[in-house]
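What follows is a short report on a single structure.
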Amino acid sequence: VNTADSHICGYAQITLITLSTLLLMYGLLSKLMARLQRHRHQLNEQLIRLNHSMDASGDEWWEWDIAKNTVHRGHHWSFFPDDGMRSQDHYDAGAIHPKDLPRVRKAIEDHLNGKSEHYQLTYRVKGEQRKGWLWVLDRGRIVARNDGGKPSRIAGTLSDVNHLMQTKDQHLLFARTLENISDAVVILDKLFRPIDINQAFTKITGYTKDKLPEWSFAFNRYPEQFTEQLKKTLQNSGRWFGELEVHRADGSLFQIELTLDAVTDDEGNFTHYVGVFSDITQRKSTERELRKLANSDTLTELPNRSLFYANHQHMVRRSEPHALLVFDLDDFKKVNDSLGHNAGDQVLCAVARRLQRCCRSEDTLYRLGGDEFAIVIEGENSISTLSEVAERAMDTLSDPFKVQNSELFVSSSIGIAMYPLDGESTEDLLKKADIAMYYAKNQGANRFQFFSESMNEQAVKRLHLESMLRQGLREKWFEVHYQPQYSVERQQMIGMEALVRLRHPEQGLISPGDFMPLAEESGLIIDIGRWVLEQACQAAQSWREQGLYDGRIAINLSAKELDLDHFNETVEEILERTGLPADALELEITEGSVMQSPKQAISSMQALRKQGVLLALDDFGTGYSSLAYLKKFPITTLKIDRTFVKDLEHTLEDRQMANAIITIAHNLGLEVVAEGVENSDQIKILSAMNCDICQGFYFSHPLPHRDMTGLLREHKGSLPPHLLSHSTPKLA
Ligand SMILES: Nc1nc2c(ncn2[C@@H]2O[C@@H]3COP(=O)(O)O[C@H]4[C@@H](O)[C@H](n5cnc6c(=O)[nH]c(N)nc65)O[C@@H]4COP(=O)(O)O[C@H]3[C@H]2O)c(=O)[nH]1
């Protein structure tokens, strides 16, 4: 091998080596480049993934270069919190709530100063576009330091935690509400052990959170069966509600109204119970007080009518045989009227005490109202025993009552009805006892009466009649008939009596004898009487105005009308309206009704007399006939009752009676009217006795308005000629 060749060979070797090295380096470089490319690609992908996940989470990532004071961020959010440290770009700065800002700055500073591994806090921030504050969770940590070890970069994220904070707020509000409401709240575990309470619980019970009773404080007074039952209810329906009496921490008792609700987990298992209650001690005592007031009569302190109904209905529900005695004091109104209501109240209290003494411990006395009492006698339906009770009651009332230094006598009418024989409901039995009591009263009072079906029939009839009277008033079925009264001496009609009738569309004309007693009892007489007064005054005045008649018109008054306050004003008003002069009106008052309360009757009569109205005492001789009173009554006329006239021509006693009445009346300066004159013999006798006026079927029956007008037109008030011959004046 020559030198040149060896040189060539050397060059070739060098070239080859160089080329191989270059190739090797190129290979290495391309591998490096490829790896770098791959890494960059991976990094990009990671960045994209990170971006995607940040996007999906709604969070914002950020990195703060402390030295350059720049913030890089994902720009998922339109704004970045402006804490005055991290942000530079003010165009997208979000204001931090002024109350939160110091906290934010401190957290970041503390972290920069190495006081925390990382920082994490929630605060409120608001971008320009945003109306309300947004709660954010800001988390960050130092990711790089400079050569001196100082933090150079911090990276972190911002999360929207608004919904969490709102929920937290709601929880807080809820907890605060529970803590502050005035109802006590207790949370019990599955075994009814209290685990938490609110302030009201402590206030009401005295138990504190650290000293809760071991077991539900509410049940410690009740037997186990009760709690078992309660638990069953809770398990079945998830709720129990009721009133309980419980102990406070200091041992005192009080009442609560408790609602227990079961709390379930997601699987529907009971995990806890919540009890909510209020202290109802005060309410209960008020209720008791009110119930007592509602159930007892304030005057006598006896159980009242409403308690009677409640208790009696209870007895009826249990079908317990018993008897009901209803008491109504006789003429009690007189006590009130004559001695005043105070005295009346005293008597009622004394009656209550006396009746109470007649009752056995198992009997109950009630005051049903006014002067009405009732005794319920349990388990007793023997007529003889019940009669004994009624007699004992009457006996105990028979002793005089001492009121306002005077002695008063009070009696009672008693009606007795038996359950279930006479009635099967409270209303029915009370009605039957009332019917029997009214029957006893009508029989003369101061007696007792057992209910019987025949009484019931009567009562039913009365009920029908009463509704017929009411209907009659509404439908104008009443009419007034007029019966002339003649002066035999002057042979002139000097008066007429107005007599009411009811013309029923089907039953025809019904006379007052059939409905007056009931009209009086029911008080309907007041409306009927007023109507008659008005009609009769109007009719009399119209005859006067037509020149047909100038005598008086007599109208019957009932005791009830006379008793009315200001009745005289009613009369005055009617006289004024109709134009009838007062002295052309005569009001007839029966002796019986005046004697019911003579003092009051006298004062009412005096008021009427003052107006100039004439007053007649009707049915004289049939009732009390107290001559002493007769003198005191401011009457102008005395009417001899028909019973004395009826047999005048046959009976000496009646003649003597009539004669005596006429003499007394004349001695007192009164005019005398004889009623029920039916024949000329009676006229002769009465004329002989100087009786001033006669009225009766002999002259005329009571006539309807039209017929009376006819009679007046025909005879101008003089005695019809066919009667003239019989009216021979004065017999020896
Ligand atoms: N047997 C017989 N009877 C005769 C004779 N003459 C008249 N009568 C009847 O005797 C009654 C007289 O009226 P009274 O005694 O005031 O008795 C009246 C009176 O107390 C009462 N009454 C009538 N209308 C009214 C009224 O508007 N208001 C009031 N409160 N009571 C009235 O009803 C009672 C009965 O009235 P009437 O049935 O109309 O009965 C009337 C009359 O029709 C006769 O010669 N023989």
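If you take just the strands (runs of 3 or more DSSP E) that sit entirely in the stretch 398-451, which of them hold at least 2 residues that are in contact (Cβ under 8 Å) with a residue 40 or more places away in the chain and surrounded by 15 or more Cβ atoms within 10 Å (Cβ to Cβ)?
In the stretch 398-451, the matching strands (runs of 3 or more DSSP E) lie at 401-403, 412-419, 448-450.
Taking the stretch 621-643 as the search range and keeping residues that are part of a helix (DSSP H, G or I) and within 12 Å of the ligand (Cβ to nearest atom), which one is farthest from ALA554 (Cα to Cα)?
So, considering only residues that are part of a helix (DSSP H, G or I) and within 12 Å of the ligand (Cβ to nearest atom), the one farthest from ALA554 (Cα to Cα) is THR643.
Just to be sure I understand, how many residues within the stretch 120-132 are surrounded by 17 or more Cβ atoms within 10 Å (Cβ to Cβ) and out of contact with any Gly (no Cβ under 6 Å at 6 or more places or on another chain)?
The total comes to 3.
Under 9 Å between Cβ atoms, which residue pairs at least 6 apart in sequence (or on different chains) link something in the stretch 553-567 that is at positive phi with a partner that is more than 9 Å from the ligand (Cβ to nearest atom) and of a type in the set (A, V, I, L, M)?
Pairs that qualify, where the first residue is at positive phi and the partner is more than 9 Å from the ligand (Cβ to nearest atom) and of a type in the set (A, V, I, L, M), are HIS566/ALA607.
Pick from the stretch 686-702 the residues that are surrounded by 20 or more Cβ atoms within 10 Å (Cβ to Cβ) and within 15 Å of ASP641 (Cα to Cα): which of them is farthest from the ligand (Cβ to nearest atom)?
Among those residues, the one meeting the criterion is ASP692.
Looking at the stretch 582-597, which of its residues are of a type in the set (Gly, Ala, Ser) and at pLDDT below 95?
GLY592, SER593, SER597, listed by residue number.
Looking at the structure I just gave you, is GLU497 within 13 Å of the ligand (Cβ to nearest atom), open to solvent by less than 10 Å² (accessible area, probe 1.4 Å) and out of contact with any helix residue (DSSP H, G or I) (no Cβ under 7 Å at 6 or more places or on another chain)?
yes
Mind checking which residues of the stretch 663-677 are of a type in the set (A, V, I, L, M), crowded, with 18+ Cβ neighbours inside 10 Å, in contact with a helix residue (DSSP H, G or I) (Cβ under 8 Å, 6 or more places away or on another chain) and not in a strand (DSSP E or B)?
Answer for the stretch 663-677, where residues must be of a type in the set (A, V, I, L, M), crowded, with 18+ Cβ neighbours inside 10 Å, in contact with a helix residue (DSSP H, G or I) (Cβ under 8 Å, 6 or more places away or on another chain) and not in a strand (DSSP E or B): just VAL677.
Looking only at the stretch 483-494, count how many residues are in contact (Cβ under 8 Å) with a residue 12 or more places away in the chain and either away from the ligand (no atom under 11 Å from the Cβ) or outside the structural domain of LEU712 (by TED's automatic domain parsing) (or both).
The qualifying residues number 8.
Does GLN471 qualify as being over 23 Å from PHE699 (Cβ atoms), modelled with pLDDT of 90 or more and surrounded by fewer than 15 Cβ atoms within 10 Å (Cβ to Cβ)?
Judged against the criteria, GLN471 is a match.
Of everything in the stretch 572-600, what is in contact with a strand residue (DSSP E or B) (Cβ under 8 Å, 6 or more places away or on another chain) and either closer than 28 Å to ARG642 by Cα or not assigned by TED's automatic domain parsing to the domain that holds ARG530 (or both)? Give them in sequence order.
ASP583, ALA584, LEU585, GLU586, LEU587, GLU588, ILE589, THR590, GLU591, GLY592, SER593, VAL594
From the list ILE553, ILE528, ILE574, exactly one residue is modelled with pLDDT of 95 or more, farther than 26 Å from SER700 by Cα and of a type in the set (A, V, I, L, M). Which is it?
Going through ILE553, ILE528, ILE574 in turn, the sole match is ILE574.
State all residues of the stretch 195-250 that are in contact with a Gly (Cβ under 8 Å, 6 or more places away or on another chain) and small (Gly, Ala, Ser); if no residue qualifies, say none.
Answer for the stretch 195-250, where residues must be in contact with a Gly (Cβ under 8 Å, 6 or more places away or on another chain) and small (Gly, Ala, Ser): SER216, ALA218, ALA249.
Which residue, of SER306, SER319, is open to solvent by 40 Å² or more (accessible area, probe 1.4 Å), in contact (Cβ under 8 Å) with a residue 12 or more places away in the chain and at positive phi?
SER319
The values are calculated or read from the model by the stated rules, or taken from the named source; none is laboratory data. Quick caveat, the model's predicted, so the values are computed rather than measured. Backbone-built Cβ (ideal geometry, glycine too); neighbour counts: all protein chains shown. Protein only, heavy atoms only, side chains kept; ligands, DNA and RNA dropped before computing areas. Shrake-Rupley method; radii C 1.70, N 1.55, O 1.52, S 1.80 Å.
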